[in-house]
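J.: Structure below; questions to follow.
The values are calculated or read from the model by the stated rules, or taken from the named source; none is laboratory data. Owing to the predicted nature of the structure, the values given are computational and were not obtained by experimental measurement. FYI the Cβ positions are ideal-geometry reconstructions off the backbone, even for glycines, and counts take in every protein chain you see. Just the protein is used for accessible areas: all its heavy atoms, side chains included, with ligands, DNA and RNA removed. Shrake-Rupley method; radii C 1.70, N 1.55, O 1.52, S 1.80 Å.
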Amino acid sequence: MILSLLQILIFPGFLFLFILALSAEYIDRKLYARMQTRVGPPWFQPFADFIKLLSKELIIPELADRFIFKILPLVACAAAATAFLFIPVYNPQSLFTFKGNIVAVVYILTIPTLTYFLGGWYSRSLYSLIGSMRVLTQLFSYEVPLLMAVLAPGVLASSWTFSAVINFYGANGFLFLVNIIAFAVAIIAVQGKLEKVPFDIPEAETEIVAGTFTEYTGPLYAYFKLAMNIQAISVAALLAAVFMPFGYNLGFFLGIIIFLLKILFIIAVLTVVRTIFARIRMDQMVRFCWKYLTPMALLQILINIIIKAAVTQ
């Protein structure tokens, strides 16, 4: 009981996730700045920003539902952190494991996005309402190709459980490379999930201030930003476990190092994508997801079904 509590609160739980999430934000901002020939922030900037927001005054709009307005940022943080507890870190077994946990993680990671929508909706602000509707529209666009892409490797492994997928590809050399199409689809879909350029239209600050977060200030805004950073780490860990299933049977320390390197690689790829592309319109985003990403994810599933049939004969 005490060991489980320490694992949830310290490692690989909330404390480890908190430090990793803010460190990843620094890497993202620093790399983004360097690719734009800027200096970028110092290493402690995300931590300083979080502490500064905690000290700011909390202002709740007069027409907002006070209880829901205040509880949603905490729900977002809890959901993003909970998803991480089901994802393997340094060995094939996650802290809490069960059959089909890949599907569960994907759906748990939709909860923070839904809180962003509800936060804007219950703020009763025009800018927040516009942002919240854009959040929901994007959710219906990228979620289907993301789910199909993440489940594609499991089709070949005959399981949607992290440990089974990792062990299957670990025993079959470089077979995980056949999932490169699904990995590309997942990376692009994750850009939309994290609301990063070119899919940052829900929080288009040049158009609608801060979108769904327009009315959030002080600690509540800090928790929302923390939730987004934790969600980024949870999604990166999900992609690492499914598409880069190596380095999980090399011991604790080496396993942690390889895990961090994979997270860093995925964060860097996401940063490069948001550097080289410009923001697109919502209708363009919806059309792109359904016209291109979903068929590509379906193609990957068909390829894996064919390979599986050929191998089992």
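J.: Among (1) within 21 Å of the chain's Cα centre (by Cα); (2) modelled with pLDDT under 95, there is one condition TRP121 misses while meeting the rest; what is its number?
T.: TRP121 satisfies every listed condition except (1).
J.: Which residue, of ALA164, ALA149, is without any contact (Cβ under 8 Å) to a residue 12 or more places away in the chain, out of contact with any strand residue (DSSP E or B) (no Cβ under 9 Å at 6 or more places or on another chain), assigned to a helix (DSSP H, G or I) and open to solvent by less than 40 Å² (accessible area, probe 1.4 Å)? If you could, list the steps in order and put the result at the bottom.
T.: Numbers: ALA149 fails: without any contact (Cβ under 8 Å) to a residue 12 or more places away in the chain.
From the options ALA164, ALA149, the qualifying one is ALA164.
J.: Please tell me if ASN229 is over 30 Å from GLU57 (Cα atoms) and either polar (S, T, N, Q) or in contact with a Ser or Thr (Cβ under 9 Å, 6 or more places away or on another chain) (or both).
T.: Details: over 30 Å from GLU57 (Cα atoms): no; either polar (S, T, N, Q) or in contact with a Ser or Thr (Cβ under 9 Å, 6 or more places away or on another chain) (or both): yes.
Criteria not met by ASN229.
J.: Sticking with this structure for a sec: I need the full set of residues from segment 68-77 which are open to solvent by 20 Å² or more (accessible area, probe 1.4 Å) and of a type outside the set (A, V, I, L, M), in order please. Spell out the reasoning first.
T.: The first filter runs over segment 68-77 and keeps only residues open to solvent by 20 Å² or more (accessible area, probe 1.4 Å), leaving 68, 70-71, 74-75.
Scanning segment 68-77 gives a single hit, LYS70.
J.: For the subset of segment 195-218 comprising residues that are modelled with pLDDT of 90 or more and surrounded by fewer than 19 Cβ atoms within 10 Å (Cβ to Cβ), which member is nearest to ARG279 (Cα to Cα)?
T.: Filtering segment 195-218 for residues that are modelled with pLDDT of 90 or more and surrounded by fewer than 19 Cβ atoms within 10 Å (Cβ to Cβ), the one nearest to ARG279 (Cα to Cα) comes out as THR217.
J.: Between ILE60, ILE111, ILE8, which is of a type in the set (A, V, I, L, M, F, W, C), surrounded by 14 or more Cβ atoms within 10 Å (Cβ to Cβ) and farther than 29 Å from GLN138 by Cα?
T.: Testing whether each residue is of a type in the set (A, V, I, L, M, F, W, C), surrounded by 14 or more Cβ atoms within 10 Å (Cβ to Cβ) and farther than 29 Å from GLN138 by Cα leaves just ILE8.
J.: If you don't mind, another one. Here are some residues: ILE257, ILE266. Which one is loosely packed, with under 15 Cβ neighbours inside 10 Å, under 21 Å from the mean Cα position of the chain (by Cα) and of a type in the set (Val, Ile, Thr)?
T.: Working: ILE266 fails: loosely packed, with under 15 Cβ neighbours inside 10 Å.
None of the other options fit; the residue is ILE257.
J.: Let me ask you something else. Mind checking which helices (runs of 4 or more DSSP H) fall wholly inside segment 1-95 and carry at least 1 residues that are in contact (Cβ under 8 Å) with a residue 12 or more places away in the chain and within 28 Å of GLY251 (Cβ to Cβ)?
T.: Numbers: elements: 2-9, 14-34, 45-54, 66-85.
Hits in segment 1-95: 2-9, 14-34, 66-85.
J.: Then there is this: Assigned to a helix (DSSP H, G or I), open to solvent by less than 10 Å² (accessible area, probe 1.4 Å) and over 27 Å from MET296 (Cβ atoms): which single residue out of SER123, SER141, SER132 fits that description?
T.: On the way: SER123 fails: assigned to a helix (DSSP H, G or I); SER141 fails: over 27 Å from MET296 (Cβ atoms).
Within the list SER123, SER141, SER132, the selection yields SER132.
J.: Could you grab me the full set of residues in segment 78-105 that are buried (at least 19 other Cβ atoms within 10 Å of the Cβ) and over 18 Å from GLN7 (Cβ atoms)?
T.: ALA79, ILE102 - these are the residues of segment 78-105 that are buried (at least 19 other Cβ atoms within 10 Å of the Cβ) and over 18 Å from GLN7 (Cβ atoms).
J.: Still on this structure: Residues being touching a residue at least 60 places away in the same chain (Cβ under 8 Å) and assigned to a helix (DSSP H, G or I): count how many of those fall in segment 267-287. Give the derivation first.
T.: First, pick out the residues of segment 267-287 that are touching a residue at least 60 places away in the same chain (Cβ under 8 Å): 267-275, 277-282, 285-286.
With the extra rule that they be assigned to a helix (DSSP H, G or I), the set shrinks to 267-275, 282, 285-286.
Looking only at that region, the number is 12.
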